[in-house]
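The block underneath contains the structure these notes are about, expressed in structure tokens.
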Amino acid sequence: MIQNKDQIIDKIEENDIKFIKLQFVDLLGELKNISITSGQIEKALNGKYSVDSFHLHGMHEIGCDRIYFRPDIRTFAILPWRPQHGKVARFLCDITDAEGNEIAENPRKILRKIVRDAENDGYTFDIDPDCEFFLFAKDENGHVTTHTGEMAGYLDVSPLDKGENARRELILSLEEMGFEIESSRHELAPGQHSVIFKQMDGVRLADQIMTFRTTIRTVAERYGLHATFMPKPRTDLPGSAMRLSISVYKDGRNLFRQDEQAALHFIAGILEHQPAISAFSNPLVNSYKRLLGGTQAPSRLYWSRHDHYAPLRLALNEDGCPCIQWTLPDGAANPYLTLACAIGAGLDGIRKGALPPVEDTDRKALPATLLEALNSLENDAFLRNVCGESYADVYVKEKKKEWERYSREVTDWELKEYLRRI
């Protein structure tokens, strides 16, 4: 692993890297970037690059109209799909003010703080993501459709699975970028795929999820396809999840193996705060159409050992150790805040010795809309503290703008339902 600036500079020269992307995550968890030439690498590594941030979600509201980039050298990667002569590399960056102080509302900082606080108490985590997505065809004009051109189902193979070649190139590209891929497969719906990769620490895992999404979209384009993590792109098909398998360690030992009761405490913490967490784990208007769609996704809030539809399951991992399977997050989940809230809420359950309701009972309603989830976040003092009051306020305000835009829109459903008969 690259550990210092001199190694970065040597790597750039050795690999004929000509352009470097300085990527960062905005307050809503969306990936942004600027590009620089390799000749400007020292300026970049010294955190001297900045942009006007007035037009970035929420930045003006927190009083920050200009941001500076501080590259995280651990995230340096050569983009394997770019030209082999005059290569392109990238960094994921933290965002700072002019004095180099990291902006408190930076999603990477929020997650990093939660992970460090947990580590100070002796807790670490293994979290394996299972990321689902769709590959859709484009029409003759290159416009995106929701057609898949196949009828493949769960674990089907080529030629039924027409996305196999794209998925294979995706895996090879990710491995070149340092991922350790566990497995990949065709999922339940035509055109739906899934990739599982090995866990990293909290911030690196969230970074990898962001990198994974960018990589699959880029690779899909090379095959004339469009990759989407939209939670529910078609009414008649299952939606896409970002399932997380969570194991907790205390002082280096698997806590759930030592004490299954601790897993129940962790589950209780997430159950208590799940309505508010949904604002991050299910962050789109469309997210709630997956949860209400009646196809595979959880629709009520409870826990189980055996019910596949439970949003939280106490299961066994490959090593036979208890782990928590959390199936509620969807393909669009903000990975930084989703992980921060899960860790914070779960550990709060452990510290309080909270216990969940009896297994498979007390099936409470999940938020039915994005607006309900945002209202839950506004009223959850504990999660607002996890995120930071300022961040929570800005996030809710920006996402409510999204809800208002949706509420004003006249949809195709309304036209079909009402236009001719009203």
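The values are calculated or read from the model by the stated rules, or taken from the named source; none is laboratory data. Just so you know, these numbers come straight off a predicted model, no measurement behind them. For neighbour counting, all protein chains shown are included, and Cβ atoms are generated from backbone atoms with ideal geometry for every residue, glycine included. Remember, those area values only see protein heavy atoms, side chains included, never the ligands or the DNA or RNA. Shrake-Rupley method; radii C 1.70, N 1.55, O 1.52, S 1.80 Å.
Charges at C-beta only: +1 for Lys and Arg, -1 for Asp and Glu. How large is the resulting dipole of the stretch 208-274 about its Cα centre, in Debye rounded to 20? Before the final figure, lay out the partial values.
On the way: 9 positive and 6 negative charges, 65 e Å.
Rounded to the nearest 20 debye, it is 320 debye.
Average the reciprocal distances over every distinct pair of alpha-carbons in the stretch 75-163, invert the result, and give the Kirkwood radius in Å.
The answer is 18.6 Å.
Using a simple charge model, +1 on the beta-carbon of Lys and Arg, -1 on the beta-carbon of Asp and Glu, nothing else, what dipole does the chain show about its Cα centre, in debye to the nearest 20? Spell out each step's value before the answer.
Working: 53 positive and 64 negative charges, 122 e Å.
Value, rounded to 20: 580 debye.
Carbon and sulfur together cover what percent of the accessible area of the chain at a 1.4 Å probe radius?
Values: 9150 of 19170 Å².
Exposed carbon and sulfur together represent 48 percent of the surface.
If I build a Gaussian network model for the chain, linking alpha-carbon pairs within less than 10 angstrom, which residue out of D121, D130, D319 has the largest mean-square fluctuation?
Judging by the Gaussian network model, the answer is D319.
Identify, among P71, P159, N120, the residue whose Cα sits farthest towards the positive end of the charge dipole of the stretch 27-160, taking +1 on the Cβ of Lys and Arg and -1 on the Cβ of Asp and Glu, with the dipole about the Cα centre.
Of the listed residues, the answer is P71.
Report, to two decimal places, the Cα Rg of the stretch 285-422 normalised by 2.2 N^0.38 Å (N = number of residues). Walk me through the intermediate numbers first.
Working: Rg = 17.9 Å, N = 138, 2.2 N^0.38 = 14.3 Å.
The reported ratio for this selection is 1.25.
For the stretch 20-112, compute Rg over Rh where Rg is the Cα radius of gyration and Rh is the Kirkwood radius from the inverse mean 1/r over Cα pairs. Spell out each step's value before the answer.
Numbers: Rg = 13.3 Å, Rh = 13.6 Å.
Using only Cα positions, Rg/Rh for the stretch 20-112 is 0.98.
What are the semi-axes of the equivalent ellipsoid of the stretch 164-240, taken as the square roots of 5 times the eigenvalues of the Cα gyration tensor, listed largest first and rounded to whole Å?
Working: eigenvalues 89, 45, 27 Å².
Each semi-axis is the square root of five times an eigenvalue, giving 21, 15, 12 Å.
Against the empirical 2.2 N^0.38 Å scaling, what ratio does the C-alpha Rg of the chain come to?
Working: Rg = 21.7 Å, N = 422, 2.2 N^0.38 = 21.9 Å.
Scaled against compact globular proteins, the figure is 0.99.
Quick check for me: using +1 on Lys/Arg Cβ and -1 on Asp/Glu Cβ, what's the dipole size of the stretch 40-89 about its Cα centre, in debye to the nearest 20? Don't skip to the answer; put the middle values down first.
Numbers: 7 positive and 5 negative charges, 64 e Å.
In total the dipole reaches around 300 debye.
Mind checking which of P159, P322, P233 has the largest fluctuation in a GNM of the chain, springs on alpha carbons under 10 Å?
Most flexible of the set in this elastic network: P159.
When you count, for each residue, the other Cβ atoms within 10 Å and take the mean per peptide, how do 100-112, 143-155 rank with the highest first?
By packing density, highest mean first, the sequence is 100-112, 143-155.
Three principal axis extents, largest first, for the C-alpha atoms of the stretch 222-330, in Å?
Each principal axis gives a Cα extent; for the stretch 222-330 these are 47, 34, 24 Å.
Dividing the Cα convex hull volume of the stretch 312-376 by residue count, how many Å³ per residue is that? Please list the in-between numbers first.
Working: hull volume 8.9 nm³, N = 65.
That works out to 137 Å³ per residue.
How about the stretch 252-333: which chymotrypsin sites (Phe, Trp or Tyr not before Pro) there lie in a loop by DSSP and see at most 14 other Cβ atoms within 10 Å?
Values: sites: F256, F266, F280, Y288, Y302, W303, Y309, W326; in loops: Y302, Y309.
In loop regions of the stretch 252-333 (DSSP not H, G, I, E or B), the sparsely surrounded chymotrypsin sites (Phe, Trp or Tyr not before Pro) are Y309.
State the answer as a single residue: which of G86, I103, V144 lies farthest towards the positive end of the charge dipole of the stretch 19-145, with beta carbon charges of +1 for Lys and Arg and -1 for Asp and Glu, about the Cα centre.
Positive-end residue among those listed: G86.
Which value at 222 nm does the chain reach when only helices count, each DSSP H run of 4 or more adding -39,500 (n - 2.57), with the total divided by all residues and rounded to the nearest 500 deg cm²/dmol? Each step should come with its number before you reach the end.
Numbers: 13 runs with 155 residues, N = 422.
That comes out to -11500 deg cm²/dmol.
Mean-square fluctuation check for the chain, GNM, Cα pairs under 10 Å: which of S184, S247, S158 is largest?
So, out of S184, S247, S158, the one fluctuating most is S158.
Identify, among G191, F212, I181, the residue whose Cα sits farthest towards the positive end of the charge dipole of the stretch 179-219, taking +1 on the Cβ of Lys and Arg and -1 on the Cβ of Asp and Glu, with the dipole about the Cα centre.
G191
When ligands, DNA and RNA are left out and all protein chains stay put, how many square angstrom of accessible area per residue does the stretch 189-280 have with a 1.4 Å probe? Mind dumping the intermediate values first?
Working: 2890 Å² over 92 residues.
Each residue of the stretch 189-280 exposes 31 Å² on average to a 1.4 Å probe.
So, in nm, how far is label N385 from label D319 when the simple model puts each one 7 Å beyond its Cα toward the Cβ?
3.2 nm
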